[in-house]
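Only one structure is covered here, and it is reproduced in the block below.
The values are calculated or read from the model by the stated rules, or taken from the named source; none is laboratory data. The model shown is predicted, which means the values in this text are computed figures rather than measured ones. Note that each Cβ is placed from the backbone with ideal geometry, even for glycine, and that neighbours are counted across all protein chains shown.
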Amino acid sequence: MFEAGEMDSNVTEPESFWDLLQDMDPVWTTTVLLVPCVVVLTAGFFYLYSVIIGLLTKTSVRNKVVVITDALSGLGKECAAVFHRGGARLILCGKSWEKLEELTDDLANASDPTLTFPSKLVLLDFGDMDSMPEVISEILECYGCLDIIIFNSSMKVKAPAQTLSLEMDKLLMDNNYFGPATLAKGLLPSMISRRTGHLLLVNSIQGKLAVPFRSAYAASKHAVQAFFDCLRAEVEEYSISVSTINHTFISLSAPSENTETSICSLSYTKKLGVSPDEAATEIVKTLSNKRKEVVISPSLPKMAVYARSFFPNVFFAVMAAGVKHAEASENM
């Protein structure tokens, strides 16, 4: 038989958490302590980032009259939602009156009507240049003044240069160059008279970088980029800001499931595409800090832009090799 004292001496008390840490390998101890800290700090960073973006939106567009062309596109809808929540007085432009009304209803249902303004709607089709004087008048009549214009509309086409008709070339130039340029020139006098305003062009990276099979598209994007670059210097004396945002492309939705093409498309989108919310966030920041030019793209397209400027012969050789490789793949 064991005595009570002996029995008590054989009973060990459970080790505390800190005792266990001391017995563990130092690497594991560091990991156990650091991982929760990293998780908390990361969550805190993203929370602060969202708060800051929200504050920037409210301070930069609160009570401002904001025009958004092609408000029915993925990026247009995202910008409309962000600016509406920020308290902007929106003028939404698009080709379909019914869809514009649907967008307005969605914005109204998702916000507090005591903190936001009902949107004004204007039919706008850059493919119909004859309607531009009437469109400009309607926009100016909405509030009598303008603070911000976001030129968001774009038309794309991909084909060998010799296969595109002159009519298609003209249509692309109307949508991507003549339309935005005409709208800007028509609305500028209102901004100049008030000596304030901000014009923001959402452009493609092909406004800086031309790639094969997009001759007409790249030409229109180069043209509109040059127009707004010139305009920036011309209106600076009137305290009017001009910004350009060049992105790769806007990725609107995930592809369908269970297909090889969809997997490749999704991978390509993740590598090079920009989501509407990412682009809208960049637009808000650009308006807030009045940056003149922003490029939203992964490293590879940015490197190509620099290569085109500093090593043009290398860039041209790579583009030509890419075309030959594509032709060889099609002939196999």
Among the residues of the range 44-60, is there at least one that is modelled with pLDDT of 55 or more and either β-branched (V, I, T) or in contact with a strand residue (DSSP E or B) (Cβ under 6 Å, 6 or more places away or on another chain) (or both)?
-> no
Can you confirm whether the range 131-143 contains a residue that is in contact with a Phe, Trp or Tyr (Cβ under 7 Å, 6 or more places away or on another chain) and hydroxyl-bearing (S, T, Y)?
-> no
Give M168, M155 a once-over and let me know the one that is part of a helix (DSSP H, G or I) and in contact (Cβ under 8 Å) with a residue 12 or more places away in the chain.
-> M168
Test A108 against the stated conditions and say whether it is at pLDDT below 95, out of contact with any Asp or Glu (no Cβ under 6 Å at 6 or more places or on another chain) and either closer than 23 Å to N203 by Cα or in a helix (DSSP H, G or I) (or both).
-> yes
Looking only at helices (runs of 4 or more DSSP H) that fall completely inside the range 232-332, which ones have 1 or more residues that are modelled with pLDDT under 70?
-> 260-272, 312-331
Members of the range 232-248 found to be under 22 Å from the mean Cα position of the chain (by Cα) and within 29 Å of R214 (Cβ to Cβ), listed by number = R232, V242, S243, T244, I245, N246, H247, T248
Taking the range 116-132 and keeping residues farther than 25 Å from R232 by Cβ, touching a residue at least 12 places away in the same chain (Cβ under 8 Å) and not β-branched (V, I, T) leaves F117, P118, S119, K120, L121, L123, D125, G127
If we scan the range 176-194, do we find a residue that is surrounded by fewer than 19 Cβ atoms within 10 Å (Cβ to Cβ), closer than 26 Å to A317 by Cβ and out of contact with any Cys (no Cβ under 8 Å at 6 or more places or on another chain)?
-> no
Scanning the range 127-152 for residues that are under 21 Å from E102 (Cα atoms) and either in a helix (DSSP H, G or I) or modelled with pLDDT under 95 (or both) gives V135, E138, I139, C142, N152
